[in-house]
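Taking it in order: structure first as structure tokens, then the write-up.
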Amino acid sequence: AITRPQGLAGFGIPDAPVGDPRLRPWLRVKGLREIAPGAFVFVLMLTATSSVLGWYLLVFAAIPAGDALVVLRSGGPKATAYGVHAATSAVMLVTGICLLV
């Protein structure tokens, strides 16, 4: 998303003007906002207890769940909404619960 923002065409929102230079800064912002929570997982793995990481994953599972809803409400492909975004959210939820148990 940062170096090749047009690569986000597979995100699932149909007819998104990813080739439009005016949209590229927004796609880069999205990319940065995706990297930060992912990097924070590694920080928590190195410095925190498993329960802290579990709670983090439970809370941040809302991000891919929200992405799935955006794709569905935008008329995007259900396979992308469920197979990519909802599946990611489910994995985060299960992993978070396992870390808390």
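Our summary gives the chain a relative contact order of 31 percent, counting only alpha carbon pairs under 8 angstrom and 6 or more residues apart.
Each Cα pair under 8 Å and six or more residues apart adds its separation to the average, and for the stretch 56-101 the resulting relative contact order is 51 percent. Annotation: extensible slack from LEU46 through ILE97 equals 16.5 nm (criterion: 0.36 nm per residue apart, minus Cα-Cα distance). Over the chain, the pair-distance histogram of Cα-Cα distances with 5 Å bins from zero comes to 2, 13, 18, 20, 19, 13, 9, 4, 1, 0 percent, rounded to whole numbers.
Per residue, the accessible area of the chain comes to 65 Å², computed with a 1.4 Å probe over protein heavy atoms only. Computed in the context of the full set of protein chains, the accessible area of the stretch 30-101 at 1.4 Å probe radius has 75% of its extent on carbon or sulfur.
Per residue of the chain, the DSSP helices (runs of n ≥ 4 H) give a summed -39500 (n - 2.57) that works out to -20000 deg cm²/dmol at 222 nm.
If I fit a long axis through the Cα atoms of helix 24-47 and take the longest principal axis of the Cα atoms of the chain, what angle between them do I get, 0 to 90°, rounded to 10? Roughly 10 degrees, rounded to the nearest 10.
The values are calculated or read from the model by the stated rules, or taken from the named source; none is laboratory data. Note that the structure is predicted; figures quoted are calculated from it, not measured. Keep in mind that these areas ignore ligands, DNA and RNA; they rest on the heavy atoms of the full protein, side chains included. Shrake-Rupley method; radii C 1.70, N 1.55, O 1.52, S 1.80 Å.
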